[in-house]
Amino acid sequence: MTRPNIIFIVADDLGYADLGCYGGRDAEFGPVSPVLDALAARGMLFTQGYSNSPVCSPTRFGLMTARYQYRLRGAAEEPINSKSKGSTTLGLPPEHPTLPSLLKDAGYRTALMGKWHLGYPPVFGPLKSGYEEFFGPISGGVDYFTHCSNNGTHDLYLGDAEHHAEGYLTDLITDRSVDYIQRMGVGAQAGTPFFLSVHYTAPHWPWETRDDAALAEELKDNLFHLHGGNIHTYRRMIHHMDEGIGRLVETLRTLGLLDDTLIVFTSDNGGERFSDNWPLVGGKMDLTEGGIRVPWIAHWPRRIAAGGTSTQHCMTMDWSATMLDAAGVAAHPDYPLDGVSLLPVLDDAAHRFERPLFWRMNHRSQRAHRDGDWKYLRVDGHDYMFDLSRDERERANLGPHHPDRLGAMRAAWEAWDASMPAIPADASVSLGYGAKDMPQR
């Protein structure tokens, strides 16, 4: 089979049920995500898929390396923040093999359009980690119009140079992605495939639609936008992204590349303030399901049958491993993958295999382990165990009623944890808001 082009689309802080295909409600203007809903209908939707972390930059380490992010010092930051500028340790080491570098070495053209959030220049950056082209912000969150980060510093790059551009960031990322596909089209038609990462900042704060340029001045000193936003603005932000993805799909179709392109869509972690995570509880920064269970949509007409729904357990790094497998690319022998290829699932939506999953967070000393229907969770020193096949909201703690199972799952987590580097004492947790800003559940 011809090696596919690959487009890996990552939303930022999108909730599990924000999309129509995951049960999301229509907005006042109509369906929120018709393009993504159509991709799911023509491809495969995963109901038990997770992110590597409930916060952005650690998940991106897992995405880039196809390995548990805990192996790298920079991923211990929850998340990387602007104080790490100038650091030589808090980022993705350029010498570490990555999804784009492995694909590039195998003859793929590679580009990242959108958010990086894996360490600051001059030590770190997309062009040092396998991408031939880059357009987007280096840090976590930026204003959609000024393209400045929370400390007021302009943060939009083209390649490794600062770049000023007018426009709404979601649309600029789309524009650059469409241009890239068009430029790579002839080569792809002739047998040189491309790997394009499209890492939108939407629907991450600040809460700005295309029509909210006037807010930029008001928000320049605090992008957390704690006094603003609402579900209507939030849904419109998702819709802007969805429209952009529609442009990518149409460009592929026009060039005759759609059938031979693997498109994967997800979020870097669970939802934030205005997200819909139903039926899950929790959100960003939490190892309850709402913080880590995310949408996963795969579309590849040449290989994936339309209309499939999979209950296979998986996480971000598995999709990175899947992309390497689809391209026929092996891992670097010195950096074996923790991710597991999902190609057998893409070939048959009913295919299932055992996939134990593990997480840990410095924040609130959280830990989690998913094994089959069961989940072991610790938050603030309290241990819980849930049967997710019956209780996805994690409200009925079965630990006291199944002490042997709880003990076994705790022991499995501790054995896994012992195989990872310890959380460094100087690792930081950065919270933009807390109970003083809005009531907690």
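The values are calculated or read from the model by the stated rules, or taken from the named source; none is laboratory data. Here the structure is a predicted model, which means the values were calculated and not measured. Positions of Cβ are generated from backbone atoms using ideal geometry, with glycine treated the same way; all protein chains shown enter the neighbour counts. Areas reflect the complete protein model, heavy atoms only, side chains present, ligands, DNA and RNA absent. Shrake-Rupley method; radii C 1.70, N 1.55, O 1.52, S 1.80 Å.
Go through (1) free of Cβ contacts under 8 Å to residues at least 40 places away in the same chain; (2) over 24 Å from the mean Cα position of the chain (by Cα); (3) within 30 Å of residue 254 (Cα to Cα) and name the single condition residue 175 misses. Among (1) free of Cβ contacts under 8 Å to residues at least 40 places away in the same chain; (2) over 24 Å from the mean Cα position of the chain (by Cα); (3) within 30 Å of residue 254 (Cα to Cα), residue 175 violates only (2). Set side by side, the residues 254, 233 differ, and just one is farther than 30 Å from residue 99 by Cα, hydroxyl-bearing (Ser, Thr, Tyr) and without any contact (Cβ under 8 Å) to a residue 60 or more places away in the chain, which is 233. For residue 208, the conditions (1) of a type in the set (Asp, Glu); (2) touching a Phe, Trp or Tyr at 6+ places or on another chain (Cβ under 7 Å); (3) surrounded by fewer than 20 Cβ atoms within 10 Å (Cβ to Cβ) are fulfilled apart from (3). For segment 145-155, the candidate set comprises residues that are surrounded by fewer than 22 Cβ atoms within 10 Å (Cβ to Cβ) and modelled with pLDDT under 95; within that set, the residue that is nearest to residue 57 (Cα to Cα) is 149.
In the set (1) in contact with a strand residue (DSSP E or B) (Cβ under 8 Å, 6 or more places away or on another chain); (2) part of a loop (DSSP other than H, G, I, E, B), residue 368 fails one condition alone, (2). The single condition from (1) open to solvent by 50 Å² or more (accessible area, probe 1.4 Å); (2) within 21 Å of residue 292 (Cβ to Cβ); (3) among the acidic types (Asp, Glu) that residue 391 fails is (1).
Taking segment 28-144 and the strands (runs of 3 or more DSSP E) fully enclosed by it, the elements with 1 or more residues that are of a type in the set (Lys, Arg) and either open to solvent by 10 Å² or more (accessible area, probe 1.4 Å) or farther than 30 Å from residue 182 by Cα (or both) are at 109-114. Output the residues belonging to segment 281-306 that are more than 18 Å from the chain's Cα centre (by Cα) and open to solvent by less than 30 Å² (accessible area, probe 1.4 Å). Answer for segment 281-306, where residues must be more than 18 Å from the chain's Cα centre (by Cα) and open to solvent by less than 30 Å² (accessible area, probe 1.4 Å): 281, 300, 304.
Among the listed residues 191, 185, 244, which satisfies the condition of being part of a helix (DSSP H, G or I), under 30 Å from residue 106 (Cβ atoms), of a type in the set (Gly, Ala, Ser) and more than 23 Å from the chain's Cα centre (by Cα)?
Numbers: 191 fails: part of a helix (DSSP H, G or I); 244 fails: more than 23 Å from the chain's Cα centre (by Cα).
Sole residue among the options that is part of a helix (DSSP H, G or I), under 30 Å from residue 106 (Cβ atoms), of a type in the set (Gly, Ala, Ser) and more than 23 Å from the chain's Cα centre (by Cα): 185.
Here residue 411 meets the list (1) within 22 Å of residue 316 (Cα to Cα); (2) assigned to a helix (DSSP H, G or I) almost entirely, failing just condition (1).
Return the only residue of 241, 317 being surrounded by 22 or more Cβ atoms within 10 Å (Cβ to Cβ), within 24 Å of residue 68 (Cα to Cα) and in contact (Cβ under 8 Å) with a residue 40 or more places away in the chain.
Details: 241 fails: within 24 Å of residue 68 (Cα to Cα).
Going through 241, 317 in turn, just one is surrounded by 22 or more Cβ atoms within 10 Å (Cβ to Cβ), within 24 Å of residue 68 (Cα to Cα) and in contact (Cβ under 8 Å) with a residue 40 or more places away in the chain: 317.
Scanning segment 329-350 for residues that are under 24 Å from residue 303 (Cβ atoms), in a loop (DSSP other than H, G, I, E, B) and either among the aliphatic types (A, V, I, L, M) or open to solvent by 70 Å² or more (accessible area, probe 1.4 Å) (or both) yields 329, 330, 331, 337, 340, 342, 348, 349, 350.
So, in segment 131-156, how many residues would count as being over 23 Å from residue 222 (Cβ atoms) and in contact (Cβ under 8 Å) with a residue 40 or more places away in the chain?
We begin by selecting, within segment 131-156, every residue over 23 Å from residue 222 (Cβ atoms); these are 131-135.
Imposing the further condition that a residue be in contact (Cβ under 8 Å) with a residue 40 or more places away in the chain reduces the set to 131, 133, 135.
Result for segment 131-156: 3.
Please verify whether residue 306 is at pLDDT 95 or above, in a loop (DSSP other than H, G, I, E, B), closer than 17 Å to residue 2 by Cα and in contact with a helix residue (DSSP H, G or I) (Cβ under 9 Å, 6 or more places away or on another chain), treating the condition exactly as stated. Taking the combined requirement at face value, the residue does not satisfy it.
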